[in-house]
Structure formats: structure tokens, C-alpha cells
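Have a look at the structure below before the remarks.
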């Protein structure tokens, strides 16, 4: 029951963001094209080919279309099929100062997972979701890049509650 209430609150918040004057822009993360190439840069790369992992360290920057992910460390999990030279990326695991930004919103957290196959982004730790001047914070956020549905779980230290700050339209006077 408590979990359902939190999810409903997060979905209500995101719907409210879509209708406020300050956040009239539609999320560019909804319907994000996950088939675009991933452009990854970092200070160092460690390849573990037998394990199907590549570990990027130091000021990691991942760009895919209009979405950018930054972190201290990024582990890329991939598969290489026999006879195919290009590996198939399954998942990106980000750790430390994780931020995902687009033109219309930003997500921050202690860690993040981008499940490329499921087209799902999950952030955890001290999560903040911001769109315009509106913010929402919690412990764990799951964002579906196809539907735009976001689910946010509350902080246990905060009685399991999601916290939000919403900008409201300016008061209209008779002169306007």
C-alpha cells in the first residue's frame, strides 16, 4: 500500500510538471532513441574482454542523442557474438556523482544503471529529479525511456516519503 502511494505520488508529480508554466516542455527522455550510438569518454579505460566488461574511470561522459550521463566510474557490460566484430552493449553501471541530463530535465544520484535492452534508467542513493524549477527527491528512481513513466521510492530516513518542490504560476492581477 505504501509503495503504491509513493508511485502514484511520483506519477502525479511528473504529470503536474507537464502542465506547469515553468515546465511546459515535454520530456526529451520519453521516446529516447536507445538505438543511437553511445559516445563514451573518460580519463582511463580498463578492458576485461573475457568477462565482457569495459571499465571507464575519471570524469566519465556518455552521450547518446540528446541525453548525457556523467559519473566518476562507468562499467559497460557487453556481449560479443562469434563472427561479429562489434560488441552488443547490454548495460551501463555508473558510480559516484552520477548525473543524467537532457534539454528539459536532470537526474542525480549516488549510482545509476542504464539497461539498454529494457530501455530503463534506474538511479539510487540521494536521488533528485528536476525539471525547470520543480524538483522531486527520494531514494530510488526508475525511468522508462519509452513510455516516460517514472517511479520514485521515498527515503527510509524520511518516513519513506517522496519530497517535492513545485513552482506555481504567478498571481494574476486585474491589470493583466
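Bear in mind these aren't lab numbers, they're just calculated from the coordinates by the rules spelled out. Quick caveat, the model's predicted, so the values are computed rather than measured. Note that each Cβ is placed from the backbone with ideal geometry, even for glycine, and that neighbours are counted across all protein chains shown.
Here the range 94-176 is treated as a sphere whose radius is the Kirkwood value from Cα pairs; by Stokes-Einstein at 25 °C and 0.890 mPa s it diffuses with a coefficient of 177 µm²/s. Taking 30 Å as R0, compute the FRET efficiency from the Cβ-Cβ separation of residue 171 and residue 101 and round it to 0.05. Rounded to the nearest 0.05, the efficiency is 0.40. One chain, two ends: residue 91 and residue 39. Fully extended at 0.36 nm per residue, the span grows by 17.3 nm beyond their Cα-Cα distance.
Taking 0.36 nm per residue of sequence separation and removing the Cα-Cα distance, the residue 147/residue 133 pair yields an extension gain of 2.7 nm.
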